[in-house]
Structure formats: structure tokens, C-alpha cells
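Data first, discussion second: the structure below is written as C-alpha cells.
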Amino acid sequence: MSSFFFGLFGVDWEAVDEKIEKLYPAVSSISIDELAQEGQSASRPIVIDVREPAEFAVSHLSAAKNLETSVDIAARFLDKQAPIVVYCSVGYRSAAVAAELELMGYSNVRNLHRSIFEWAEKGYQLRSANGVAAKIHPYNFAWGRIG
């Protein structure tokens with residue numbers, strides 16, 4: 001279906017971006033291409049998938065750890081200056097987690113802009129426990145139709 005159709009319901013990239021910016025204006029973001037470049041460098045960030053385990057099992061970024069909440073992340077990564085990138089399906093849930101981490105004193109947290117959906121749209125590789133993955137868990141019907 002076209003983005004026009006889903007735009008009628010407020011589910012398109014512009015609506016998602018606007019909602020994230022409105023609710024989490026202080027959260028920094030990183031583009032898909034920037035993360036792909038940083039992932040090749042010696043100082044690559046910690047990449048955290050904040051989706052549910054069932055979503056993560058279908059596919060995820062190869063370097064990602066699956067930790068759903070800011071509390072889970074803080075328990076595992078104590079260095080509050082470490083570079084951290086969080087992502088989810090489209091960037092909404094991860095923006096909320098990034099904001100919570102910042103409130104907890106983490107100073108180098110970025111949200112992956114448009115998250116795993118755009119990562120896949122740009123042709124970057126996804127992984128699952130079985131190796132290379134070709135699918136993404138859509139979270140819900142509306143997110144499954146975004147694009």
C-alpha cells in the first residue's frame with residue numbers, strides 16, 4: 001500500500017519522525033549510514049536493540065545486544081560515557097529508552113534514526129540466530145506497513 005494511504009492514519013516516516021522529535025527533542029540521533037561507517041571503526045559504539053526478544057529473534061543488527069529497558073542497559077554497561085546506539089523498529093521505543101538513559105546520566109547515547117526498518121531498506125545485513133536474516137518483525141500491523 002502507498003505511504004499516502006498510511007499517511008491518512010499518521011503512519012509514515014514523516015509522522016514518526018515528527019512524533020519522536022516532539023516527545024524526545026533532546027535525544028541525539030545517528031543515521032543508518034553513519035552507524036554503518038562507525039561500526040567499521042576501532043571506536044565503534046555499543047549497539048543495543050530495545051525490541052522484545054521475539055522481535056530480536058527474527059532479525060537484528062549483527063553487533064546488537066538485546067536489552068529492552070534503560071535499567072537493563074545500565075546494569076550491563078556501567079560506563080556512562082561509553083558510546084551507545086539504541087534502536088527498535090522505527091525509532092520510537094528506542095528514543096524513549098535513550099531519553100531515560102540520559103536522565104540516568106549517560107552522556108553519549110544516540111537513537112538510530114528510523115531504526116531497523118530503514119537499515120533493511122538500505123540493504124544493510126541483518127542477522128538471526130540462524131545466520132543471515134531476510135525478514136523483520138514488524139512489531140504491529142501499522143509499523144509493518146510503513147515505508
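The values are calculated or read from the model by the stated rules, or taken from the named source; none is laboratory data. In this text, all values refer to a predicted model and were calculated from it rather than measured experimentally. Cβ atoms come from the backbone with ideal geometry, glycine included; neighbour counts cover every protein chain shown.
Quick one: in the stretch 101-111, which of the residues that are buried (at least 18 other Cβ atoms within 10 Å of the Cβ) and touching a helix residue (DSSP H, G or I) at 6+ places or on another chain (Cβ under 6 Å) is farthest from D33 (Cα to Cα)? Looking at the filtered set, the residue picked out is L101.
Going through the stretch 19-28 one residue at a time, which ones are surrounded by fewer than 19 Cβ atoms within 10 Å (Cβ to Cβ) and either closer than 19 Å to F117 by Cβ or in contact (Cβ under 8 Å) with a residue 40 or more places away in the chain (or both)?
The first filter runs over the stretch 19-28 and keeps only residues surrounded by fewer than 19 Cβ atoms within 10 Å (Cβ to Cβ), leaving 19, 21-23, 25-26, 28.
Residues satisfying the conditions are K19, E21, L23, A26, S28.
One residue stands out in the stretch 29-41 among those that are small (G, A, S) and surrounded by 14 or more Cβ atoms within 10 Å (Cβ to Cβ): the one that is nearest to N108 (Cα to Cα), namely S29. Comparison of V86, V11 shows that the only residue that is modelled with pLDDT under 90 and surrounded by 15 or more Cβ atoms within 10 Å (Cβ to Cβ) is V11.
A single member of V11, V90, V97, V85 is in a helix (DSSP H, G or I) and of a type in the set (V, I, T), and it is V97. The residue of the stretch 46-83 that is surrounded by the most Cβ atoms within 10 Å (Cβ to Cβ), among those that are at pLDDT below 95 and polar (S, T, N, Q), is S59.
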